[in-house]
Every structure is written in structure tokens, then in C-alpha cells.
Amino acid sequence: EADIYQTPRYLVIGTGKKITLECSQTMGHDKMYWYQQDPGMELHLIHYSYGVNSTEKGDLSSESTVSRIRTEHFPLTLESARPSHTSQYLCASSSNSNQPQHFGDGTRLSIL
Amino acid sequence: QKEVEQNSGPLSVPEGAIASLNCTYSDRGSQSFFWYRQYSGKSPELIMFIYSNGDKEDGRFTAQLNKASQYVSLLIRDSQPSDSATYLCAVTPPAADKLIFGTGTRLQVFP
């Protein structure tokens, strides 16, 4: 059983607010990932990390930022939320790139 | 050409039948291959992974890999309505630290 946790599960918030989506894993995985997915649509990689102090942009341009200060923690921040940021955000981790990625339950974000 | 291609479906099969889901990939050097199941509104969950040519079986699921033809497939035997979901194929290209996901195939199993 994969141990990767995302909070909050759901967030409805107004435009212009600063938002941080939390992702934590207890498996000691070096690799962590953030994906964005709209309903019925494909997964898009927006950020990933090789390990502590490493962050990389993914395939889809995003206004969000990430940090990796601790192995187990990979938060995603939106400095000023806009309605276009409404989506589901999924966090995943793996021990290396040839091993499966394990996903958290996701955060469904709605910006009014 | 997309790096990982799947037919979007829906693939409709009757309960008890074999569902066959296919995926092709463009980078011949790809090394690891994964199948995920995603129910509507939920996150992807790993079903199977395969690294070597041939078949790998786990319960009702069989993954098949053919590196020469650059395809990987997933067979679901004795399909159940609870198998109705979107199935995502994912591939690790060479020298990459990320998975490339296909767009998914929607499977519908009807009673």
C-alpha cells in the first residue's frame, strides 16, 4: 500500500488568494511529481523533483511553483489563484524512474 | 506522432468477456511499461508493470510487451462491470526521470 497523502482533498477559494497544496510521502522516495488533470482529460506533468533541493518544470507550463526542502514533502504553491487554475492536482512519487509512480488521492481545486 | 498512443474508446465488452487494451510507444529505447486504472474523479492506481518482452500475469490481468513492434497491451479476463474505468498506459523513455502517459482508453463492461 502506497503512503502518499495530499491535503486538502477539496478547496473552493476566491480569485487572488495564495494557495498551497500539500503532498507528503512516507516511503522515502527520491522522485516526486505534480500532475494537473481536468475532468475526462489526460494527465499533464507540471513539476517534478529528483530529490531534496531539486525542482524541474514539467511538460505543461504552469504558474505554480514547488519546493523540496525535505525528502517526504513536495508542496505546490499558487501565489494568486485564478479561475483558469481550476482543476484536479495529483501528486505522485517513485523510488526511481523505472519503478512505478504511486499517486495520492488528489486535490480538487475550484477558483471562483 | 505522440510518444505514447492509445485508442480513446470507449471499448465496450460484455461481462465475462476478455477486454484487450493496446498501447504503442515511439521511443524504441523505452525500458519500463506500466498500466494504471483510473475511475472517474479518482487518482490513477497501478495495475501492472512489465520490463521484459513477453507476458506477465497477475490474477485476471495479463500485460504483454513486444519491444520489436513497440507495443504493450493489457488483457482483462472475465471482465466485470467494476472494471469499467479509464486505463492509462505509461512508459519510461531512455535517460528520462519521468513517465510518459497515454491519453487513456475508456473501458465499459456491460452486464
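The values are calculated or read from the model by the stated rules, or taken from the named source; none is laboratory data. As the structure is a prediction and not an experimental result, all values here were calculated from the model. When we count neighbours, we look across all protein chains shown, and the Cβ atoms used for this are built from the backbone with ideal geometry, even at glycine. The area values use the complete protein model at the heavy-atom level, side chains included, leaving out ligands, DNA and RNA. Shrake-Rupley method; radii C 1.70, N 1.55, O 1.52, S 1.80 Å.
Inter-chain Cβ neighbour count for A:96-106, averaged per residue, equals 6 (cutoff 10 Å, partner chain atoms only). Inter-chain neighbour count for B:36-42: the average number of beta-carbon atoms from partner chains within 10 Å of each residue's beta-carbon is 3. Both chains summed, the buried accessible area for A and B stands near 1700 Å², from protein heavy atoms and a 1.4 Å probe.
Build a GNM of chain B with springs between Cα atoms under 10 Å apart, and of B:Asp83, B:Asp27, B:Asp58 the one that fluctuates most is B:Asp58.
Each residue of the protein assembly as shown gets 120 Å³ once the volume of the Cα convex hull is shared out per residue.
In chain B, the convex hull through the Cα atoms has an average projected area of 6.7 nm², a quarter of its surface area. When a 1.4 Å probe is rolled over the protein heavy atoms, the share of accessible surface on chain A that falls to carbon and sulfur comes to 48 percent. Entry note, segment A:1-64: relative contact order of 23 percent, from Cα contacts under 8 Å with a spacing of 6+ residues.
The lysine pair tally for chain B, using Cα distances under 22 Å and a gap of 8 or more places or different chains, is 5. In a DSSP loop and with at most 10 other Cβ atoms within 10 Å, the trypsin sites (Lys or Arg not before Pro) in segment B:1-99 are B:Arg28. The mean number of Cβ atoms from other chains found within 10 Å of a Cβ in peptide B:98-105 is 5, as a whole number. The packing ranking of peptides A:81-90, B:9-18, highest mean first, is A:81-90, B:9-18, where packing means the average number of other beta carbon atoms within 10 angstrom of each residue.
Here the contact order of chain A, divided by its residue count and restricted to Cα pairs under 8 Å and six or more residues apart, works out to 37 percent. For segment B:77-94, backbone phi angles converted through the Karplus equation (6.51, -1.76, 1.60; θ = phi - 60°) give residue-by-residue couplings of 8, 6, 4, 10, x, 5, 7, 5, 5, 9, 10, 9, 9, 9, 9, 9, x, x Hz, Gly and Pro being listed as x.
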